[in-house]
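Right, one structure below, let's go through it.
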Amino acid sequence: MARTIKIFDTTLRDGEQSPGCSMNLKEKIKMAKQLERMRVDVIEAGFAISSQGDFLSVKTIAETLKDCTVASLARADGKDIDRAWEAVKGAVDPRIHLFIATSSLHMEHKLQMKPDDVYERAVAMTARAVKYCGNVEFSAEDSTRSDPEFLARVLEGVVAAGATTINLPDTVGYTTPDEHRAFFLKMRELAPSLEKVTLSCHCHNDLGLAVANSLAAVLGGAGQVECTVNGIGERAGNAAMEEVVMALHTRRPFYGAETRIATQEIMRSSGLLARITGAGVQPNKAIVGRNAFAHEAGIHQHGVMQDRRTYEIMTPESVGLNKNNLVLGKHSGKHAFRDRVKTLGYELSDAELEIAFEKFKSLADKKKTVYDKDIEAIVAKEAVQVPRTYRLDSFVINSGNTITSTAVIRMLRDGKIYEKVSRGEGPIDAAFKAVEKIVGRELTLEDYRIASVTEGEDALGDASVRIRTVDGAEFSGRGLSTDVIEAGIHAYVNAVNKMLYAESEAAGQA
Ligand code: KIV
Ligand code: ZN
């Protein structure tokens, strides 16, 4: 019988630590609900002691989700553990996840602790966590560069103290698949108590091997894989959940293992995260990239038309990739729209639905055909909307290849109109500078991209921007319109609104 491998998602903790991927409370809750819907086993919702914002998001997620375990990270330190418990205790199944480094390099240079002291601390802090909670995970940071004999001693100690999951992270993405499998087998031999607990892997992608190493760990006996959606995470990222899950799913007889994941939710989760963080997915990324199921070569297309299995090892439908269905037109009513949104798997409040419906109507007026993808783009954006402190009212742009571009932007805030004019290097630069003047803040544009949601001349443009404040905080925004300039301005205003929301959240007013 196939083993069931637990999927531990750390998108909201290790993933969020990657540059430009920070999320506000509302966005984290949306993402957590989507992860629950995808049936991940454990959600690591944050690092409770790291900030008041992290504490609040772990606590809210813990109290909101009903179908999965919610964990908070904690260092092997009394205050961290107490805070982690405060944050997760309202969950249906709370977990405290504590860690301490076990490699000589980390113990000597980072912790400045002797191995015996690390051992004592690991055991004592596990015992402290176990007093609060029956579900305790212990991670030996930098385990793959640790002395196996010492590591085994620590693992025996923390299992005896009550840890129920033992995680062996490849913190710096140093290992390779054969070595990683052998490492798991060896640790099970050196620390026989591991047979009593769930053994877990946590691989970083510095050498591009995180997924391969995770799968090797499964072959070596891991019963839990820690990963993130789209593989976001520190430096080169963590193991990509969609790749691990689909490898186990597609090669189930080989691995003798499966997961509980609802694979049809994969595309939606990937899209939602990309939309929230503004970190797009590379086109050729396995499973969720735009080209992952596109057959370009004639010989491949011919083969697929004869029998899909010639060049397709999994179906697009199995990961939730739907064809471009023509669904609704400008005469469709709110009822039909609501039904379609529901079928596509989105849950919107009445107010969000109202706004999304207005956007759909105005799109249907401009665009001949409205596809599922267009509706998903509108709805997914609405689903993570922050309060619209500023709204774009109107814009006029004067641009050409022989003149300096000028933009007149008019925005609304609390019912009041604000208007500014600006010149710039091209229409987008002029427009963004005019918005910056209205907001009265110095903002640096870090990134600006535009992509089309579907094909065709009247396709909906999906703009994303990333801005940086003078304090170095970064915010991303998305905007949709059939007019690419308007999409860009909406994206910029959305980023500004996220910045203002984060600032009010930090001041405790959101
Ligand atoms: O990479 C790592 O070692 C970690 C641990 C804190 C689990 O993220
Ligand atoms: Zn990590």
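The values are calculated or read from the model by the stated rules, or taken from the named source; none is laboratory data. Treat the numbers as computed from the prediction; the structure is a model and nothing was measured. Note that we place each Cβ from the backbone using ideal geometry, even for glycine, and neighbour counts take in every protein chain shown. Calculation scope for accessible area: heavy atoms of the full protein, side chains included, ligands and nucleic acids excluded. Shrake-Rupley method; radii C 1.70, N 1.55, O 1.52, S 1.80 Å.
Residue by residue through the range 425-474, note down the ones that are surrounded by 16 or more Cβ atoms within 10 Å (Cβ to Cβ), outside any helix (DSSP H, G or I) and charged (D, E, K, R).
Result: 446, 462, 466, 468, 474.
Is it the case that some residue within the range 126-135 is open to solvent by 10 Å² or more (accessible area, probe 1.4 Å), touching a Gly at 6+ places or on another chain (Cβ under 9 Å) and of a type in the set (A, V, I, L, M, F, W, C)?
yes
Quick one: residue 282 ticks every box in (1) open to solvent by 20 Å² or more (accessible area, probe 1.4 Å); (2) touching an Asp or Glu at 6+ places or on another chain (Cβ under 6 Å); (3) not hydrophobic (A, V, I, L, M, F, W, C) bar one, so which box is it?
For residue 282, the failing item is (2).
Could you tell me which numbered condition residue 406 fails, if it satisfies all but one of (1) in contact with a Leu (Cβ under 9 Å, 6 or more places away or on another chain); (2) open to solvent by less than 50 Å² (accessible area, probe 1.4 Å); (3) in the same structural domain as residue 484 (by TED's automatic domain parsing)?
All conditions pass for residue 406, except number (1).
Open to solvent by 10 Å² or more (accessible area, probe 1.4 Å) and either closer than 18 Å to residue 150 by Cβ or within 14 Å of ligand 1 (Cβ to nearest atom) (or both): does that describe residue 193?
Yes.
For the range 383-390, does any single residue satisfy the condition of being of a type in the set (Lys, Arg), in contact (Cβ under 8 Å) with a residue 60 or more places away in the chain and part of a helix (DSSP H, G or I)?
no
List the strands (runs of 3 or more DSSP E) that sit entirely inside the range 1-93 and contain at least 2 residues that are within 16 Å of ligand 2 (Cβ to nearest atom) and of a type outside the set (A, V, I, L, M, F, W, C).
Result: 42-46, 69-75.
Sort out which residues of the range 303-336 are part of a helix (DSSP H, G or I) and more than 28 Å from residue 261 (Cα to Cα), and write them in order of number.
303, 305, 306, 334, 335, 336
State whether the residues of the range 144-159 include one that is open to solvent by 70 Å² or more (accessible area, probe 1.4 Å) and within 16 Å of ligand 1 (Cβ to nearest atom).
yes
Of everything in the range 300-317, what is loosely packed, with under 14 Cβ neighbours inside 10 Å and either closer than 25 Å to residue 374 by Cα or modelled with pLDDT under 75 (or both)? Give them in sequence order.
Selection gives 301, 302, 315, 317.
Working only within the range 94-117, note down all residues that are touching a residue at least 40 places away in the same chain (Cβ under 8 Å) and open to solvent by 60 Å² or more (accessible area, probe 1.4 Å).
104, 105 - these are the residues of the range 94-117 that are touching a residue at least 40 places away in the same chain (Cβ under 8 Å) and open to solvent by 60 Å² or more (accessible area, probe 1.4 Å).
Tell me which residues, restricted to the range 209-257, are within 20 Å of residue 188 (Cβ to Cβ), free of Cβ contacts under 8 Å to residues at least 40 places away in the same chain and within 15 Å of ligand 2 (Cβ to nearest atom).
Listed by number, the list holds a single entry, 214.
Count, please, the residues in the range 19-40 that happen to be within 22 Å of residue 171 (Cβ to Cβ) and open to solvent by 10 Å² or more (accessible area, probe 1.4 Å).
3
Testing residue 206 on (1) within 21 Å of residue 145 (Cβ to Cβ); (2) part of a helix (DSSP H, G or I); (3) in contact (Cβ under 8 Å) with a residue 24 or more places away in the chain, one condition comes back false. Which one is that?
(2)
Can you tell me which residues in the range 481-502 are assigned to a helix (DSSP H, G or I) and of a type outside the set (A, V, I, L, M)?
486, 488, 490, 492, 494, 497, 498, 501
So, in the range 223-256, exactly how many residues are under 14 Å from residue 3 (Cβ atoms) and surrounded by fewer than 20 Cβ atoms within 10 Å (Cβ to Cβ)?
The number of residues fulfilling the criteria is 8.
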